[in-house]
Each structure stands twice: as C-alpha cells, then as structure tokens.
Amino acid sequence: MKSRIALIACYLLILGTAFLYYPKWEYWREEATITWDVSGYYFYLPAAFIYKDLKKVGFRDDIQGKYYLSKGYYQTYTHENGNEIMKYSLGMAIQYTPFFLVAHGLAPLLGHTADGFSRPYQAAISMGSLLIALLGLWLLRKILLRYFSDGTTAATLLVIAFATNYLNYSAIDGAMPHNWLFTLYTLLIWQSIKFYESPSPWRGLLIGITVGLAALTRPTEIIAFIIPLLWGTSTLKDIANRMKFFFSNKGILPFLLAGVGTLAMGSLQLIYWKYVSGDWIVYSYQDQGFSWDNPHIKEAMFSYRAGWLLYTPAMAFALLGMIALIYRNGKSAIRPARGEGSGESGVSPNPQSLLTNSSIEPIGIVPIILFALLFMYITFAWDIWWYGGSLGQRAMIQAYPILAFPLAAFFSLAEGRNWLKVVLIPLFLLFTIYNVWLTHQAHKGGLLGTEQITGPYFKAILLRLKVDPDTIKLLDTDELYTGTPQNTKIVFTENYESDTTEYSCPIEPIEGKRSFCLSQEMQFTPNIAIPMLPHKNGWVRVAATFRTQDKEWQIWRMAQLQTRFLNEGQAVKERHIRIFRLLEADTTQHIYMDVKMPEEPFDSFHSYLWNSDSDKTFAVDEMEIMVFEEE
C-alpha cells in the first residue's frame, strides 16, 4: 500500500512538473522538446519519412532557420564522400517512431505544417516521453517489491523521483535518451526475472532485442547484457552453473536467440552507415572519445561543473548501499533453502525460503555490482565527462534501476530502527528541496548553467532564487568585491579619441567620435601597462562601456577582459572575465572587473581585451582603471 501511494506521488510530481511548471512542448527555439541533442537523435525520422533525404539531410538549414534547434550545428557531419552522417545512433529514432507517426497524421488536421518539427511533433515526443517515464517507475516498483518490503520500495521510489536528477530528465528533458533507457533497463530486469522463472526461447529473443535497442540508443549500453546473463548470481559457483545452463538443451536456444535479437537491432545502424557512407562501420563522434587509462572519476563525482554526487547527493546512499546489499546477501545465504543445490538456470529452485520473510526473494549481487562499477567507469572515462549542458551526471540516470537495489538495501536498514528514520527523513527532505531548486534554476530560475559552474559561483547561488547580476563573473574568476570602495584613485583612462589605427567598425561610437572596435580581424586592444606597488588591502577595478549588435553564445569564443600582475616581467597573478556573459545583443552596458592585489611582490599591472577568435564585433570605450581599498 505504501509503495502504491509513493508511485502515485511520483506520478503527480512528474506530471505536475511537466504540465503545470514547464510544458516543454509549448516552448520554442532551443528550449523546445526537439532541439539540441534530441534533434540529433530524431533527425532520422523526418529525413526518412518526410524529406526522403537520409544522405544529404538537405532540410536542416531551413529547419534550423525556422525553429532554431541549437546554437551552432553539430547533429550531423560531412563524410568524405560528401554525404551527411548522423552523429547519434538511431535507437532513439526507433523509440520515437510511434509518436512521430501519430503527430505526422494529426499535424495537417490540426492546421500545422507537417514538417517534422511543428507543435504536434513537439507535443507527441513530449507525451511519449512522459508515458515512458510512468512505465519505468511502474516496472521498478514491481521489481523492487519482489526483493524488498513495501515500505522500503516506497522510500526508494520517492527518493529517485523527488531527490535526484531523474525528475528533470523525466518531467522536462524526458525526450533525452536517459529517461527512455531508464525504462528499457527496468524492462530488461523484469524480463530477466521472468526468464529464470520460466526459461523460453521467445523470452531469450525479447531480452536480446531489448539489449540491442539499448546499445542502438547509446553504444556503451551494450554492457546491459551483464544483467540477463548473470541475473540472480552471487558466487563463482552460481556463475559456473549459469554457464552450464546456457549450454544445456534448455538454455542454448534462448541464448542463441538473445544473440540474434541483439545483432538484428545493431545491424540497423550498420545498414544506415553503409547506405550513407559506403562503409559498414563509422565513428560518428569524430574527435570525441574515451580516456580509458585515466577516467575522470573525481571530476565526474564531485566537480562543481557536473559532479554526480554534488548535484545528486541522495545517490551516495546507493553507493553505501553496496555494502548493505552484500551484507543482506550474505545473511540470506546462510539460511538453508528447502531444496539443496541449484536448478537448471543456475539459481536456487526455491529462493523464497532463503529469507525470514518468505515473500521476498534474495538478490544476486554479481550483476548489480559488476554492472554498476563497469557502467561508472565507462561513463566517467568519456572525455566530455560533463556531458554538455547536463544537470549533474545525466548519463548516470539509466543506471538508476540497477542502483535502486543498493539504495533500497540501505533503506532496509531503517526498518525497525526508528533513530535511523529520524535522521534519514529530514535529510531526504533537504535533498528534495535541493533537487527542486536545481531543477528550477536549470530552467526558469536561470542561475544554473552547469557546464560552466565554478566553486565560488556555486557557493554564491546555493539555494537562492535571485542574486546580484555581477555574481555571474564568478563563473570566470574567484574574486568579486561586494563592498564600497575606499580611498579610490584613478590611475588610467582612455576614450580612444586619439587612436589613429585604421579599421572599419559597423557599430556607432559609444561616446564622442570614436570607440575601439574588436572584430574577427581586430582581436586585441592595446595592452595597458601601469607601474604599481602592492597594498595590503588593495584592489584594482578595470571598467569600460561596451556596445554590440550580436551576442556571442559560445563560451570559448566570448571576448575576455584580461588582467595580470607582473614582477620583473613574470606573471604573478592572472584573472579574466568573459564580457558576453554580461553583454546582451543590441545593448550598451558598463562592465567592470575587480581583482585583488596579490600578496606576492609585483611591480606592474597589465590589462587588455581579447576577442577570443570570435567573429562577433563589439565596441569598447570609456576605459578606466582604479585602485581602491577594502571597507
């Protein structure tokens, strides 16, 4: 009963977030459902069914101009034969297909353009993603109830939905593959359970298709085969018995059909590559890859940029729960089963008898621990370990159905221990508030751009709804003076009226007859060098007025205001801020940067502007450098 109520609460949270807080299908441009990576997974469908153009994807420029799918185009790349190769594999396109076809049939009837990206398509993919999320949680509840009590199952469901980034990737960004893979994994676990209860060839085939579809969605998910292969095993003897089963008369056909199902799904990608490129195998991620010998474990776990446990601390209890899971398994193993030995499938013929509560089955820990460790290693070895604009480690979400087992094992420790409940309940309420805050700031709040987060910035915004606009400077520097400058002294001014450099500028001067213009051709302002002596409480403020017509959105190409302290020509301290974090299109804005004088000896201060290889043009004027003391 408790778990049923918990499931309903999870449903209400997800549906309420999707329909009342952030109906993504109603948004346009890069905030719509079919944008960014989702559009890359989705392109197969309009290319095949509407435009009949899988090779050239010639519709992309018109669609990009009309719907603005992303800042910059990366969803395909040009092969050496001149054709366009989809960056992402076609597993998601297969899963989107029923919803795409419904939208394609309804679009003209509802008065919308049947171009694959109008509102009916956005809504259909969103609704399909929500249905998939609800199905995944429903299956997860069914699975957990076989191994844990109703109360523990309820707690596990509530924590995953309320206190982890699964909320964002089910209710808002549900069209991303992680939500769909979450449900695929629950389906795979359920199929594995049912297979070992009653092995049959068709169940083997279905398992193979599920593994193949997961790998076709994200190739690294091929490790999902560990789950059905080893489900229910806890010892080397269990594994040996399992291998014997697969080579027995009863196990060989399901095993072979599972392989056939997996290969059949994978062959679809090979056929696409052959059709478009002429090659059977294509590495579509180009210069992106893995650092197998140096996985980014520390950064991926704890960094402010996208650390899994920093943004989803509740899942730390899943890692701790590994110990509880092993303990639970060991405790159950010493209870003799009614029948000795193993069945043909390599598991006890009467597993219910292994626990005091005979309605709950023991857990085979080998596939859970092996899969979790291997999954984290692969996920964190990816060189783009922060996974773009990810809210925490979004690539971990599909592993949550597996991690739900150690998480539930940890919660089961609280059964009969009221003192532990007194500790855990307030803690997870705090995690829920934190998760809701993160989700809000990632969308409507606007404070969270997790790909760029730094420690000083994160600490400045933590659990706040609004902050001073200057706080954004902490994304680039670790210093932000918030007091009133004392004992100020202006040591440099420049209005560029006497600048004789010849260059054309499409932007009108900010003040007077001339402003300095930075562009693709003119990348730097003249370096300003000022002799300066240290001061114990000293700060330097560099300020200027800026004007632009077009905003630079790519972080690595945003113009930088550079500052540095030198001693005998050697840099002692360097700081910078990115101007376009603060400068909007078609605006004129006064922007300043404060930097504290270093304790180390220095004899001069230097500053200049660099356009960071951007092709955007902007003007700068009224440059001023001031030194001051703290309050």
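Every number in this text was worked out from the coordinates using simple rules, so none of it is lab data. A quick note: this is a predicted structure, and the numbers were derived from the prediction, not measured. We place every Cβ from the backbone using ideal geometry, glycine too, and count neighbours over all the protein chains shown.
For the chain, the membrane-span-like helices by this rule, meaning whole DSSP H stretches whose C-alpha atoms cover at least 20 Å of axis and whose Kyte-Doolittle mean is 0.5 or above, are 2-16, 91-106, 119-145, 201-217, 249-277, 316-333, 365-381, 418-440; this says nothing about an actual membrane. With Cα atoms as the point set, the stretch 248-329 shows a radius of gyration and Dmax of 20.7, 54 Å. Rg of the Cα atoms in the stretch 165-297, relative to 2.2 N^0.38 Å, amounts to 1.22. Over 25 Å apart: what share of the alpha carbon pairs of the stretch 481-629 falls there, rounded to a whole percent? Result: 29 percent of Cα pairs exceed 25 Å.
The residue list Pro456, Thr220, Trp138 was ranked by how far each Cα lies along the charge dipole of the chain toward its positive end, using unit charges on Cβ atoms, and Trp138 comes out on top. Using the alpha carbons alone, the radius of gyration of the stretch 142-221 stands to its Kirkwood radius in an Rg to Rh ratio of 1.03. Taking every pair of alpha-carbon atoms in the stretch 410-555, give the share separated by more than 23 Å as a whole percent. In whole percent, the long-distance tail amounts to 64. Sorting the segments 84-93, 275-284, 453-462, 414-423 by their residues' average number of neighbouring beta-carbon atoms within 10 angstrom, most packed first, yields 84-93, 453-462, 275-284, 414-423. Judged by the mean number of other Cβ atoms found within 10 Å, the most tightly packed of the peptides 521-534, 192-205 leads the ranking 192-205, 521-534. Pair-distance distribution P(r) for the stretch 360-441, from all Cα-Cα distances in 10 Å bins starting at 0: 14, 33, 36, 16, 1 percent. Between Leu270 and Trp292, the C-beta separation translates, for a Förster distance of 25 Å, into a calculated FRET efficiency of about 0.55. Each Lys or Arg adds one and each Asp or Glu takes one away; over the other residues whose Cβ falls under 13 Å from the Cβ of Arg141, this sums to +3. Over the chain, DSSP H runs of length four or greater, each weighted -39,500 (n - 2.57), average out per residue to a 222 nm ellipticity of -13500 deg cm²/dmol.
For the residue pairs Lys24/Lys56; Lys473/Lys551; Lys298/Lys444; Lys56/Lys274, the alpha carbons lie more than 21 Å apart in Lys24/Lys56; Lys298/Lys444.
Compute the Kirkwood hydrodynamic radius of the stretch 114-189, taking the inverse of the mean of 1/r over all pairs of distinct Cα atoms, and give it in Å to one decimal. Mind dumping the intermediate values first?
Values: mean 1/r = 0.0756 Å⁻¹.
After inverting the pairwise mean of 1/r, the radius is 13.2 Å.
If R0 is taken as 41 Å, the Cβ-Cβ distance between Ser504 and Leu429 corresponds to a FRET efficiency of 0.10. Cα convex hull, the stretch 480-569: 176 Å³ per residue, rounded to a whole number. Potential lengthening of the chain between Ala571 and Lys444 amounts to 41.6 nm, from the contour at 0.36 nm per residue minus the alpha-carbon distance. Is the C-alpha gyration tensor of the stretch 78-147 telling us rounded, prolate or oblate? Criteria: a/c under 1.5 is rounded; beyond that, a/b larger than b/c is prolate, otherwise oblate. Oblate, since a/c reaches 1.5 and b/c is not below a/b. Listed as lacking a disulfide-compatible partner in the chain: Cys10, by the criterion of no other cysteine Cβ under 4.7 Å. Using every pair of distinct Cα positions in the stretch 10-61, the Kirkwood expression returns a hydrodynamic radius of 12.8 angstrom. Note on the chain: along the principal axes its Cα atoms extend 94, 62, 45 Å, ordered by decreasing extent.
Averaged across orientations, what area in nm² does the convex hull of the alpha carbons in the stretch 1-149 project?
11.1
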